[in-house]
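The values are calculated or read from the model by the stated rules, or taken from the named source; none is laboratory data. Bear in mind that the values here come from a model prediction, so they are computed numbers and not experimental data. Glycine also receives a Cβ, built like all others from the backbone with ideal geometry; neighbour counts cover every protein chain displayed. Surface areas here come from the heavy atoms of the whole protein model, side chains and all, with no ligands, DNA or RNA. Shrake-Rupley method; radii C 1.70, N 1.55, O 1.52, S 1.80 Å.
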Amino acid sequence: MSDTTSVPAFERPVPVCPVRGSVLYPTMVMPIDAGRPISIRAINAALDRDRSIVIVSQRDREVEEPGAGDLYDTGTACHIMRMKKNPDGSIQMLVRAVARVSIERYVTDSGVIEANVRALDVPNGEDVLLQAAYRELKEKFGELVEAGHRGLQAEVAQFVMNLEDPGQFADYVAYHLDFRVEDKQAVLEAETVADRLRKVLVLIDTEIELQETQRRLQREVKDEIDRNQREYFLREQIKALQKELSGSDDEEDEVEAFREKLEALELPEAAMKEAQRELNRLSRMHPDSAEASVIRTYLTTITELPWNVRSEDKLDIEAAADVLEEDHYGLEKVKDRVLEYLAVRKLKQDRAEKGELDVAEVNRGPILLFVGPPGVGKTSIAKSIGKALGREYVRISLGGARDESDIRGHRRTYIGSMPGRIIQGIRQAGTKNPVFLLDEVDKLGVSFQGDPSSALLEVLDPAQNNTFVDHYLGVSFDLSEVLFVATANYAQQIPEALMDRMELIEFSSYIEQEKLEIAKRYLLPRQLDQNGLKPHQFSITDGAITRVISAYTREAGVRNLERTIGTLARKAARKIAHGDVKRVRLTERSLEGYLGAERFVPESEAEENLVGVATGMYYTPVGGDILFVETSTTRGKSGFVLTGQLGDVMKESARAALTYAKVNAERFGIARERLEESEIHIHVPAGATPKEGPSAGTALATSLISELTGVPVRKDVAMTGELTLRGRVLAIGGLREKILGAKRAGITHIVYPSKNSADMKDIAGHLKRSLHFHEVDDLDQVLDVALVGGLAALEHQGQEGGERGGESGGKTGKRGKRGSKSSEVPAQA
């Protein structure tokens with residue numbers, strides 16, 4: 001038995017008309033409006049044939065041009081009864097739904113979606129279950145009609161209630177009630193009539209529960225409104241009585257005070273209009289209402305902002321240079337940039353006074369980005385810039401900020417709304433041209449509440465920030481005169497669009513000599529003051545400070561150095577306070593008694609020239625140092641082993657070195673069987689420290705060739721450079737820090753790529769005089785310097801046939817003393 005009297009047969013593909021947001025059921029006669037080209041083409045194709053068409057619902061109603069994958073696999077076969085074309089090209093048609101159909105396959109022909117369909121003969125299912133579900137559904141639908149379901153007309157409801165066929169009744173209930181398309185489609189796809197009734201019953205139960213909840217909420221809201229109205233009337237009566245008793249009106253005084261402040265501010269026209277509008281609203285409100293409090297806070301913010309208040313710039317370049325020099329040692333690039341800004345500002349002002357330049361151009365400030373490791377003075381130099389320019393200084397930390405409202409503020413519709421941190425900072429500064437520090441801009445986060453870095457794009461764009469709109473203010477504020485300074489530790493973590501708006505100034509790590517001067521000029525006097533000591537009570541020699549720098553602190557900046565000096569000062573203060581001594585003088589020898597054993601022991605040069613051991617150089621954000629590359633070969637199965645926690649790039653450099661050695665084996669006198677019948681093991685101590693980078697290529701190749709040829713490597717030579725398969729030596733980074741680390745380790749000869757010759761300008765004169773530098777373009781030049789006897793020794797090996805038998809695993813010899821692990825940061829070789 002079935003819920004349809006006859007099941008039509010479809011012998012050829014039928015045009016498919018996709019519909020959105022609706023599902024059509026058999027026996028229904030319904031109008032359909034078609035405006036999309038894909039639907040119009042399907043209707044025209046059906047009219048050209050036998051007027052049969054399949055109506056199928058879309059899975060996603062937002063898809064404008066659906067394909068087969070966007071349509072359900074069950075639809076409704078219909079017959080087009082009437083059709084009307086509108087002037088705008090759309091079509092209105094009246095269809096009669098004939099049967100449920102299963103889509104066997106979709107095909108697209110000339111822009112028309114067609115389908116091979118099979119009519120579905122839906123059985124009734126279990127008779128008892130069918131009748132029970134039918135009765136229950138009829139009762140539930142009756143309850144819904146009696147409750148007055150919105151959108152369900154009385155005549156439609158009556159028609160549905162008169163239906164006696166259970167399957168038709170379920171279809172019409174599902175069609176006329178506001179169910180989701182997915183749920184209506186599930187009703188269409190039900191395998192039996194009983195199952196169809198059960199699905200609709202579940203949906204109508206949910207609808208009844210939702211309506212009950214909605215009615216309860218309406219009652220609660222009505223009660224709340226009634227209570228608020230009573231309270232409002234009572235407050236108005238109390239207000240009138242208080243006015244009669246006191247004879248004054250504080251509200252009017254408050255409104256008048258705001259009005260006077262606004263008139264004195266000379267606000268822009270748009271801002272004045274908005275402020276006056278809010279002030280007029282306040283004057284008509286009860287002063288104790290929540291809305292009045294919001295408006296009062298808004299007007300207070302408007303009146304406290306420095307719309308036309310500016311600091312007068314100090315344009316004395318020499319005085320500014322003295323201030324910067326007094327506060328910071330080194331940082332020449334930053335100081336030069338600030339003095340350049342002052343010089344340009346002075347010239348612009350002279351031209352503006354002559355009428356040759358717009359005043360707005362004179363006041364426009366640069367946007368600087370200071371990038372460097374922690375503790376090198378990025379934040380403190382920004383404060384000194386404000387002092388040198390005679391401007392107010394304000395700082396906000398952006399580390400961890402992950403809400404756009406942190407920058408742009410909250411809209412006043414929210415409870416507890418407030419301006420963004422930019423406007424709050426301007427309000428705190430009290431002038432519209434402060435030095436504004438955006439600290440830790442590389443640590444901005446992203447959340448579902450927006451991307452604060454995107455909000456900063458407008459703030460840091462000189463072409464846009466003169467009309468910056470904070471959501472709380474709702475009017476534009478001119479930020480073009482602010483001197484923005486941003487700081488970051490890692491430039492690569494800043495979005496590219498944001499980087500493009502800032503002028504990058506890099507801060508490098510302090511060298512040992514710079515740290516010594518900073519400690520003597522700034523850190524030691526500050527720690528004496530903080531620990532209650534006078535200069536004659538506590539002193540420390542240069543040698544002791546240098547040892548603190550190299551053996552007790554290892555960092556790019558000077559924060560740990562200052563803390564360690566503070567520790568020494570406190571211990572000295574304790575001795576003086578106990579009366580043990582009257583003054584303390586620390587020397588290099590007495591340092592260990594105060595600070596304990598050395599925490600960091602730098603590498604030192606090898607004790608002797610060794611076969612298979614080459615000295616490389618590396619650097620991290622806390623400074624440079626040397627590393628040893630050890631190579632050993634053992635007879636046996638051919639293999640290539642790399643140890644020492646090497647990164648992928650460093651492993652690739654080692655393989656490139658091996659390939660280079662194999663290609664040049666005959667020239668270097670390396671026996672072919674030695675390469676093919678030996679396991680080659682390259683190790684880079686210390687094994688617990690991760691190492692990465694391409695610049696160890698020359699050291700890896702030198703160590704490998706030394707081991708394979710038996711020619712020792714000079715112990716006083718350290719090298720750096722990326723190596724290609726053809727033996728070319730490419731440029732590397734961090735040359736300055738690497739040279740300083742090699743000097744500290746006792747190295748006297750430095751081999752570096754000639755492409756880094758420009759970096760030698762940053763090397764101090766005393767280093768150039770005390771070290772021997774060798775510029776190289778290829779590995780032959782490296783080997784000529786690094787091997788004992790130079791390249792001639794290798795050529796001699798080649799002339800003799802390059803036979804060197806025996807195992808050499810024990811020839812690596814002793815190495816220099818290795819200190820404790822210095823940092824968790826991977827060494828950049």
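Here the Karplus curve 6.51 cos²θ - 1.76 cosθ + 1.60, taken at θ = phi - 60°, turns the phi angles of segment 705-719 into couplings of 5, 4, 5, 6, 9, x, 8, x, 9, 5, 6, 9, 10, 10, 9 Hz, with x standing for Gly and Pro.
Note on the chain: with charges restricted to the Cβ of Lys and Arg (+1) and Asp and Glu (-1), its dipole about the Cα centre is near 3000 debye. The long axis of helix 332-353 is offset from the longest Cα principal axis of the chain by roughly 60 degrees. Heavy-atom accessible area for His471, with the other protein chains in place and a 1.4 Å probe, reaches approximately 50 Å². Sorted from longest to shortest, the spans of the Cα atoms of segment 620-673 along the three principal axes equal 44, 24, 18 Å. Using the Cβ-Cβ distance between Val29 and Asp70 with R0 = 35 Å, the FRET efficiency computed as 1/(1 + (r/R0)^6) comes to roughly 0.85. Entry note, the chain: the mean residue ellipticity at 222 nm calculated from DSSP H runs of n ≥ 4, each adding -39500 (n - 2.57), is -13000 deg cm²/dmol after division by the residues and rounding to the nearest 500. Measuring nothing but protein heavy atoms, the accessible surface of the chain at 1.4 Å probe radius is 48 percent carbon and sulfur. Exposed loop sites are taken as chymotrypsin sites (Phe, Trp or Tyr not before Pro) in a DSSP loop (any state but H, G, I, E or B) with at most 12 other beta carbon atoms within 10 Å; the longest stretch of the chain without one runs 1-413. Projected label points at Lys261 and Leu47, each 7 Å from Cα along the beta carbon direction, are separated by 7.0 nanometres. Within 10 Å of each candidate Cβ there may be at most 15 other Cβ atoms; applying that plus a DSSP loop requirement, which trypsin sites (Lys or Arg not before Pro) in segment 724-784 survive? Loop-located and lightly packed - Arg726. Note on surface exposure: Lys140, Lys383 rank Lys383, Lys140 by accessible area, highest first, 1.4 Å probe. The charge dipole of segment 339-461, taken about its Cα centre with unit charges on the Cβ atoms of Lys, Arg (+1), Asp and Glu (-1) only, comes to about 420 debye.
Heavy atoms of the protein chains alone define the surface here; on that basis segment 641-781 has 38 Å² accessible area per residue at 1.4 Å probe size.
Across Thr301, Thr413, the residue with the most accessible area heads the list, and the full order at a 1.4 Å probe is Thr413, Thr301.
Kindly work out what percent of the DSSP beta bridges joining two residues of the chain are antiparallel, to the nearest 5. Roughly 55 percent of the DSSP beta bridges within the chain come out antiparallel. Taking only the Cα atoms of segment 522-626, the radius of gyration and Dmax are 17.2, 59 Å. Here the Karplus relation 6.51 cos²θ - 1.76 cosθ + 1.60, evaluated at θ = phi - 60°, turns the backbone of segment 615-620 into coupling constants of 9, x, 9, 9, 9, 10 Hz, with x for every Gly and Pro. For the pair Arg337 and Val663, the difference between a 0.36 nm per residue extended length and the Cα-Cα distance amounts to 112.3 nm. Taking amide hydrogens as placed 1.01 Å from N in the peptide plane, the amide H of Leu71 sits under 5 Å from those of Arg59, each at least 5 positions away in sequence or on another chain. Coupling constants for segment 57-69 follow from the phi torsions by the Karplus curve (6.51 cos²θ - 1.76 cosθ + 1.60, θ = phi - 60°), and in residue order they are 7, 7, 6, 10, 6, 7, 6, 7, 10, x, x, 4, x Hz; glycine and proline get x.
Is segment 35-115 rounded, prolate or oblate when judged by the Cα gyration tensor, a ≥ b ≥ c being the square roots of its eigenvalues, rounded requiring a/c under 1.5 and prolate requiring a/b larger than b/c? Oblate. Once the C-beta distance of Arg215 and Tyr490 is scaled by a Förster radius of 60 Å, the resulting FRET efficiency is 0.55 to the nearest 0.05.
Subtracting the Cα-Cα distance of Ile415 and Val202 from 0.36 nm times their residue separation leaves 72.7 nm of extension gain. Taking label positions 7 Å along the Cα-Cβ direction at both Arg12 and Trp307, the computed distance is 7.7 nm, reported to one decimal. Looking at segment 370-488, the accessible area is 35 square angstrom per residue; that uses a 1.4 Å probe and ignores ligands, DNA and RNA. Hull volume per residue, based on the alpha-carbon atoms of the chain and their convex hull, is 358 Å³. In a fully extended conformation the segment linking Glu361 and Leu234 would gain 40.0 nm over its present Cα-Cα distance, using 0.36 nm per residue. From a point 7 Å beyond the Cα of Thr634 in the direction of its Cβ, which residues of segment 666-701 have a backbone N at a distance under 14 Å? Once the point is set 7 Å along Cα→Cβ of Thr634, 678-683 turn out to lie under 14 Å by backbone N, inside segment 666-701. Proximity of backbone amide H atoms, modeled 1.01 Å from N, is registered between Leu723 and Gly697, Thr698, Leu730 at under 5 Å, excluding neighbours fewer than 5 places apart on the same chain. Which shape class, rounded, prolate or oblate, goes with segment 397-474 when its Cα gyration tensor gives a ≥ b ≥ c as root eigenvalues, a/c under 1.5 marks rounded, and past that a/b bigger than b/c marks prolate? It comes out rounded by the Cα gyration axes.
The spread of Cα positions in segment 470-557, taken along each principal axis and listed from longest to shortest, comes to 59, 30, 19 Å. Taken per residue, the accessible surface of segment 1-140 reaches 51 Å², heavy atoms only and a 1.4 Å probe.
Based on the inverse mean of 1/r over its pairs of different Cα atoms, what is the Kirkwood hydrodynamic radius of segment 39-174, in Å? Value: 17.7 Å, from the Cα pair sum. For the chain, the relative contact order comes to 8 percent (Cα pairs under 8 Å, sequence separation of at least 6). Treating r as the C-beta distance of Asp322 and Lys354 and R0 as 30 Å, the FRET efficiency rounds to 0.55. Between Gly647, Ala170, Gly557, the Cα set farthest toward the positive side of the dipole of the chain (charges on each charged residue's Cβ, about the Cα centre) is that of Gly557.
For the chain, the longest principal axis of the Cα atoms and the long axis of helix 559-578 meet at an angle of about 60 degrees. Could you tell me which of Ala686, Val255, Leu24 has its Cα farthest along the dipole of the chain towards the positive end, charges placed at Cβ (Lys, Arg +1; Asp, Glu -1), taken about the Cα centre? Positive-end residue among those listed: Ala686. Between the Cα long axis of helix 250-265 and the first principal axis of the chain there is an angle of about 50°, rounded to the nearest 10.
With all protein chains in place and ligands, DNA and RNA left out, the 1.4 Å accessible area ranks Glu356, Glu11 as Glu11, Glu356, largest first. Under the combined filter of DSSP loop state and at most 11 neighbouring Cβ atoms within 10 Å, segment 617-687 retains these trypsin sites (Lys or Arg not before Pro): Lys637. Charges on Cβ only, +1 for Lys and Arg, -1 for Asp and Glu, centred on the Cα centroid of the chain; of Asn44, Thr379, Thr301, which one is farthest towards the dipole's positive end? Selected residue: Thr379. Counting only heavy atoms of the protein chains and using a 1.4 Å probe, Asp529 has close to 120 Å² of accessible surface. Taking amide H as placed 1.01 Å from N in the peptide plane, Ile113 has its amide H under 5 Å from the amide H of Val16, each at least 5 places away in sequence or on another chain. Note on segment 425-574: with charges restricted to the Cβ of Lys and Arg (+1) and Asp and Glu (-1), its dipole about the Cα centre is near 1360 debye. Across every direction, the projection of the convex hull enclosing the Cα atoms of segment 102-159 has a mean area of 7.4 nm².
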